[in-house]
Amino acid sequence: MIDSQEILRFRRLGTLTIFAVYFVILVGGIVRASGAGMGCPDWPTCFGQWIPPTDESQLPANYHEIYAERGYENTQFNPVKTWTEYTNRLVGVSIGFLIFLTAWSSRIFLKTDKTIFYLALSVFLLVGFQGWLGSAVVASNLKPYMITLHMLLALFIVALLIYTIARSQRDALSQMDTRRLPEKFDAVLIAAMVMTLVQVAMGTQVREAVDFIAHEHSYIERQFWRDDFPIIFYVHRSFSSIILFTNLWLVWKIVQSADKNSLFTRTGYSLAALVVIAILAGISLDRLGVPPVAQPIHLLMANLIFGVQFFLYICRHYSKKADIGSN
């Protein structure tokens, strides 16, 4: 028999880890929006130091030539960009510790549900791979496809974490009454998750184009960037209306069918809010000259939307299993 306090500690630690992963996604978005990805041209050190310099005078006089020989031409020290990227790395390391603690605390389930332990262990190993991939992103001089892979892996890691924590409390989730939801709810929810992934993939392509445009404009004159947006941007923008109405239909059916005070309903409201915020952030990028603050918010909302959709799917899965078992 597992002590209830140990289970509670595991869930709290796991939940904290999930929020921390979303935070590192936000910080990563800030790094990308500010053009600070190469603020530290080497890894794991930053300009050859474990604690980055704060002034160019702390670097060798020929540091431009040094990094040009390593394949990083036009390396220019910028203290703001350097410390932005270094903060991103520190947050990433903190995530590693949290993931390790989550995996370690999951050992309490070895006798009751080994899957939880192996899921937590898998997340820990994936985070290690994510750290290596981060170094490969820097080594590739921020190749767009490497950045995209790095982000998609973060999305997968969060999904595994959500499932791991949800599985540890499946008995409580199975008590949710979702029987009044229409039969097509599950199919629409799965379709919504697929559409979110497609939208994220298209958004990644847009961000890759924006990164190139930003570099061409030296990260200034943002009001002119939109003139060079690729066709995929307009597809991405139009597809958001389908995303909006699909998710609002899901929320509407949840509000109609589920207990008003249940976790399922509250999660549904959260989904609606996240979709609206994501679209508003996207509109500001389109109409307000690509404001830097909107880019990481837009990215974070997209990741949160998928996470919430996935959690709703898990809740629905466990509640349906309970209904089948009771019949």
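Could you tell me which numbered condition Glu65 fails, if it satisfies all but one of (1) of a type outside the set (A, V, I, L, M); (2) at pLDDT below 85; (3) in contact with a helix residue (DSSP H, G or I) (Cβ under 9 Å, 6 or more places away or on another chain); (4) open to solvent by 20 Å² or more (accessible area, probe 1.4 Å)?
(3)
For Ser240, indicate whether it is in contact with a helix residue (DSSP H, G or I) (Cβ under 7 Å, 6 or more places away or on another chain) and free of Cβ contacts under 8 Å to residues at least 24 places away in the same chain.
So Ser240 does not fit the description; no.
If I ask for residues that are surrounded by fewer than 17 Cβ atoms within 10 Å (Cβ to Cβ) and either hydroxyl-bearing (Ser, Thr, Tyr) or within 18 Å of the chain's Cα centre (by Cα) (or both), which ones from region 258-269 would you list?
Residues satisfying the conditions are Ser262, Tyr269.
Of the numbered conditions (1) open to solvent by 80 Å² or more (accessible area, probe 1.4 Å); (2) in contact with a helix residue (DSSP H, G or I) (Cβ under 9 Å, 6 or more places away or on another chain), Arg226 satisfies every one except a single condition; which is it?
Status for Arg226: all satisfied but (1).
Mind checking which residues of region 225-237 are touching a residue at least 24 places away in the same chain (Cβ under 8 Å) and of a type outside the set (D, E, K, R)?
Trp225, Pro230, Ile232, Phe233, Val235, His236
Quick check: is even one residue across region 280-290 β-branched (Val, Ile, Thr) and free of Cβ contacts under 8 Å to residues at least 12 places away in the same chain?
There is at least one residue in region 280-290 that is β-branched (Val, Ile, Thr) and free of Cβ contacts under 8 Å to residues at least 12 places away in the same chain.
Per-residue answers, yes or no, for (1) under 19 Å from Tyr22 (Cα atoms); (2) out of contact with any Leu (no Cβ under 9 Å at 6 or more places or on another chain); (3) open to solvent by 20 Å² or more (accessible area, probe 1.4 Å):
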| site | (1), (2), (3) |
| --- | --- |
| Ser238 | no, yes, yes |
| Val251 | no, no, no |
| Val255 | no, yes, yes |
| Leu271 | yes, no, no |
| Ile283 | no, yes, yes |
| Leu300 | yes, no, yes |
| Gln309 | yes, no, no |
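Out of all the residues in region 100-119, is one or more of a type in the set (Asp, Glu) and open to solvent by 40 Å² or more (accessible area, probe 1.4 Å)?
Scanning region 100-119 turns up no residue that is of a type in the set (Asp, Glu) and open to solvent by 40 Å² or more (accessible area, probe 1.4 Å).
Just to be sure, is Ala136 modelled with pLDDT of 75 or more and of a type outside the set (Phe, Trp, Tyr)?
Yes.
What's the number of the condition Trp83 fails, among (1) part of a loop (DSSP other than H, G, I, E, B); (2) open to solvent by 70 Å² or more (accessible area, probe 1.4 Å)?
(1)
Return yes when Gln76 is of a type outside the set (D, E, K, R), without any contact (Cβ under 8 Å) to a residue 60 or more places away in the chain and not in a helix (DSSP H, G or I) and no when it is not.
yes
Residues are listed down the side, and each one gets a yes or a no for (1) open to solvent by 60 Å² or more (accessible area, probe 1.4 Å); (2) assigned to a loop (DSSP other than H, G, I, E, B); (3) among the aliphatic types (A, V, I, L, M):
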{"position": "Glu6", "(1), (2), (3)": "yes, no, no"}
{"position": "Arg9", "(1), (2), (3)": "yes, no, no"}
{"position": "Gly14", "(1), (2), (3)": "no, no, no"}
{"position": "Thr17", "(1), (2), (3)": "no, no, no"}
{"position": "Ala20", "(1), (2), (3)": "no, no, yes"}
{"position": "Val27", "(1), (2), (3)": "no, no, yes"}
{"position": "Gly39", "(1), (2), (3)": "no, yes, no"}
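I'm told Gly71 meets every condition in (1) assigned to a helix (DSSP H, G or I); (2) of a type in the set (Gly, Ala, Ser); (3) open to solvent by 30 Å² or more (accessible area, probe 1.4 Å) except one. Can you identify the failing condition by its number?
Only one criterion is unmet by Gly71, namely (1).
Report, by residue number, each residue of region 73-104 that is closer than 15 Å to Gly134 by Cβ and among the small types (Gly, Ala, Ser).
Across region 73-104, the qualifying residues are Gly92, Ser94, Gly96.
Between residues in region 207-224 that are modelled with pLDDT of 70 or more and residues that are in a helix (DSSP H, G or I), which pairs lie under 6 Å by C-beta distance while being six or more apart or on different chains?
Close Cβ pairs satisfying both conditions: Glu208/Pro144; Ile213/Trp225; Ile213/Asp228.
For Pro79, are the conditions met, namely being touching a strand residue (DSSP E or B) at 6+ places or on another chain (Cβ under 6 Å), of a type outside the set (D, E, K, R), more than 18 Å from Ile162 (Cβ to Cβ) and modelled with pLDDT under 90?
no
Residues being under 20 Å from Asp186 (Cα atoms) and in contact with a Lys or Arg (Cβ under 9 Å, 6 or more places away or on another chain): count how many of those fall in region 267-310.
1
The values are calculated or read from the model by the stated rules, or taken from the named source; none is laboratory data. The structure displayed is predicted, hence computed values, not measured ones. Because the Cβ atoms are built from the backbone with ideal geometry, glycine has one as well, and the counts that use them run over all protein chains shown. With ligands, DNA and RNA removed, areas are computed over all heavy atoms of the protein, side chains included. Shrake-Rupley method; radii C 1.70, N 1.55, O 1.52, S 1.80 Å.
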